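Heads up: the structure comes next, in structure tokens.
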Amino acid sequence: MATSAANKDRARLQWFQEIAAMILVLLSAFALRIYLLGDQNVWWDEGLAMWAIRKGFAGVTLWTAADVHPPLYFWSLWAWTELVGESEFAARYLSLMYGVLIVALVYSLVRRLSRRLAPGAEGTFRWIAVTAAFLTATARFPIWWSQELRMYILATLTSLCSLYFFVRALQDGKRWAWLAYVVSSVAALYTIYLTALTLLAEGLFVLLTWRRRMNEQPRFLARWIGSQVLIVAFFVPWFLFAAGRMRTWSVSQPFDLRIFLELYTVALSLGISTEVARYLLPALAILLLALAGVIFLWRRGGVGPWSGRETALYLSLPVVLLPVAVYLLTLNRGLFYSPRVEARYLVLFAPCFYALVAMGIGGLWRWKPWGGLLAALLVVGLFAWSLPDYYDGRYMRDDYQTALRTLAAYAQPDDGVLLVSGSRYPLFLYRYRRLVGDETAGPVVYSLPQGAARFTADNLEEQLAAPTAAHSRLWLASFERALEDPDNLVEQWLDARYHRALQIDVGYNHLILYTPDGTPPTVPPSNLAPQYAQDVPLFSGKVRLLGYDLPTTEFRPGDTVHLGLYFWLAAGQAETQVTVDWLDRQGRVVETRRLTLLGREQESIIRQGADFNVYLRTPSGEYGFRLSAGGQTVELGRIRVTHTEPLLPVVAIAHPLEAAVGESIRFLGYDLAGPLTPGSLLTVDLYWQAERKVEEPYTVFVHLVGEAYNPATGGPLWGQDDSLPVEGGYPTSQWLVSVPVRDRHRLMIDPQAPPGRYQIEVGMYTLPSAERLPVQLADGTQDTRIVLGQIEIGQSR
């Protein structure tokens, strides 16, 4: 009795430990999937999904019938967004839930498969199941697709359900298990056609094991055949409905089989799909553990159903079949859709792979505990190593937001929007409809060209005839126009017939308002919806700050901060100026923008933009904005600058040399480093300091001037580097007052430079005029350059 009680207590303790471990695993899965979930711009495929579900249940059903994927994911996304909305976070949360359910199901599948493998090893297989769930929870590949608005993670979940309930049906023979198997298999087929591989793997498994299973379950073969008939019966109606609508087209590209297998290995192991050759070695280490898992199961032997060999076969078949099928499907076959090779197709059976890796770790533990521990640490370490790079790429960029907020603010109901965006229209429409509402709200959007691949001189008039006849004001939304209007024909055509009243540039994309007379627009009061509402009286109440837009809050090198300010102007208000300062955490002015507010005869609302660029050397950190007007200041939003490189440290200057450059900058001296021979690279460090705030981004020139004539330059110039300071990464307009700046330039000495004496000349000039700033040397001499002294160039080696 005492022994029995002790065994029960031990079993309860083990059960509690297992449940506690799984709770921690599921919490980890949730945390890794919710982290930065909404902090990533919707990309094209995601935008297409959102565009499709706006058609409604019936509309998206018809659309998917003509597309490359069946409708189940779109149905679920449509229902989900009807409940929670369409924000990036809310919409992607559906994929997150699917991803967490996969983790729980992996545990259940491995536990179920190991029921007959456990005699003498119950504890090992219990923790193998937990380990498999943990690997699925922390692997980059399923995390990636649990944060995407795509159907691939649902396909993984439904395929895994099919595999799980198939095991339950074969082991227990219960009708409910067979029914659940049928339902999950049909759901998989209604998610992605590729999930037919699940049925193929299960069918091959039956074909290879049916003789042994017949002894235990004589009726299993009939039930399996019946389940396949039911699956086909439920799927055939959709297939017949879609087959007549589905187009035959191909985007497949030639792809080397070896590279494809490398992609599959690296994607499964580390979730990386680019430059896979760099990551092949650590990925192969994880693959070897999966093979060790197969060997471990195989060596457990057994002749009955669900022996170690059958379990190894069941988990391996999907993993092996998938790359073969995907590779064959991406070959151009002239029937239906031939996709290019993409990593997303390979996630389907990733859980089976992680289960095999867990088996390999467990097998090594059974052989040598230290071996299993090292293997576990290796896999966890590699997973942890791969994740930061994935998360590092997730941040929200201001791609369409500023342009669309401007459009939403100024648009009038009878305006027309000419959307020239190639196939990028889903992204534009996703954000636009989130701002203005459904299809009945806001101006009419014309996605152009219609019925043609691109604009030509022959079809231009025909394409623009209907919108120009219907609207007196036209917005040209030119986003990725090079896809369909590479010659910029639409903009040229509109410029010849209308006046530009407003233009918003976002990178190489832009939004232009064309009107008959070019009168600057005003914001209709009904459109006023700043992202951050305020009501601050300025200039004795003649001007009011009504709020501002700051669509994103994290910025990296190459990004532009678009701060949109809304002002109310009293009737007859004279031209007014306000200042917007970009401040660092200490309150120091980084950069300044001066805005001119143009009043109207009637009271009006306008939107003014203040743009600030983030460069490679813009110091990382927290920043804020301050509006100054008529002696008043108003604190605005805050942002973070990340991923920039630190400024070079200011050290003792080897060659002090003082000079005043322009009205605001002082030159402090220089350092030289590098061989002084033709064809070599000379490093020149210049030291500057802003005496007062500089508002222009001056260009620094560093010239190597000799006595001999250089036919290549048409003068005595034998080396040159003209750029913004600090190798283009830190413009003078962002220099902090009284803070020295070390400005590095790399000067290539002309390989044909003759030996002799040369001098280095430096200074600054403005663009586009190329007018040099005046220089006052320490002795009072006036010039437009600073001569750093003479150097001796020797013979080339």
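The values are calculated or read from the model by the stated rules, or taken from the named source; none is laboratory data. Since the structure is predicted, the reported quantities are computational estimates derived from the model, not experimental observations. Every residue, glycine among them, receives a Cβ derived from its backbone with ideal geometry; neighbour counts consider all protein chains shown. These area figures cover heavy atoms from the full protein model, side chains too; ligands, DNA and RNA do not enter into them. Shrake-Rupley method; radii C 1.70, N 1.55, O 1.52, S 1.80 Å.
General observations
- The candidate values are (1) 34.3; (2) 65.3; (3) 46.8; the one derived from this structure for mean projected area of the Cα convex hull in nm² carries the label (3).
- Overall size of the range 368-409 from C-alpha positions, given as principal axis extents largest first: 68, 12, 6 Å.
- For the range 717-797, the equivalent ellipsoid derived from the alpha-carbon gyration tensor has semi-axes of 26, 17, 13 Å in decreasing order.
- The range 683-797: relative contact order in percent, alpha carbon pairs under 8 Å with at least 6 residues between: 30
- Rounded percent of accessible protein surface that carbon and sulfur make up, the range 138-284, 1.4 Å probe: 67
- Residues in the chain average 44 Å² of solvent-accessible surface per residue, probe 1.4 Å, ligands and nucleic acids excluded.
- Computed from point charges on the beta carbon alone (+1 for Lys and Arg, -1 for Asp and Glu), the dipole magnitude for the chain about its Cα centre is near 5140 Debye.
- Gained length - VAL650 relative to TRP367, 0.36 nm times residue gap less alpha-carbon distance: 96.0 nm
- Positive-end ranking of LEU788, TYR98, PRO711 along the dipole of the chain, with charges on Cβ about the Cα centre, is headed by TYR98.
- Per-selection metrics, the range 427-468 (Cα): Rg and Dmax in Å: 12.9, 36
- Efficiency of FRET between GLU691 and THR633 - r from beta-carbon atoms, R0 30 angstrom, step 0.05: 0.80
- Taken one residue at a time, the phi angles of the range 696-702 give Karplus couplings (6.51, -1.76, 1.60, θ = phi - 60°) of 10, x, 6, 9, 8, 10, 10 Hz. Gly and Pro are set to x.
- DSSP bridge analysis restricted to the chain gives an antiparallel fraction near 85%, rounded to the nearest 5.
- Fully extending the segment from HIS643 to TYR765 would add 41.0 nm, taking 0.36 nm per residue of separation and subtracting the current Cα-Cα distance.
- Simple Cβ-charge dipole of the range 519-632, Lys/Arg +1 and Asp/Glu -1, about Cα centre, in debye nearest 20: 180
- Cα→Cβ-extended label distance, 7 Å offset, between LEU378 and ARG340, nm: 3.5
- Projected label points at ALA104 and ALA673, each 7 Å from Cα along the beta carbon direction, are separated by 5.8 nanometres.
- Dipole of the range 269-405, positive direction: furthest Cα of ALA358, LEU281, TYR400, with charges on the beta-carbon: ALA358
- Within straight-line reach of LYS693, meaning a Cα separation under 15 Å, sit the following aspartates and glutamates at least 8 residues removed in sequence or on another chain: ASP581, ASP584, GLU591, GLU663.
- If R0 equals 30 Å, the separation of the Cβ atoms of TRP298 and PHE234 corresponds to a calculated FRET efficiency of about 0.25.
- A Förster distance of 56 Å, applied to the separation of the beta-carbon atoms of LEU528 and TRP385, puts the FRET efficiency at 0.70.
- Residues in the range 744-753 carry Karplus couplings, in order, of 8, 10, 10, 10, 7, 6, 3, x, 9, 5 Hz; the curve used is 6.51 cos²θ - 1.76 cosθ + 1.60 with θ = phi - 60°, and Gly or Pro positions show x.
- For the range 344-426, the Kirkwood hydrodynamic radius comes to 18.1 Å, computed from all pairs of different C-alpha atoms.
- Relative contact order %, the chain, counting alpha carbon pairs below 8 Å whose residues are six or more apart: 8
- For the pair ARG219 and ALA482 in one chain, pulling the backbone fully straight at 0.36 nm per residue adds 88.4 nm over the alpha carbon distance.
- Pair LEU328, ARG746: separation of 7 Å Cα→Cβ label points (nm): 5.1
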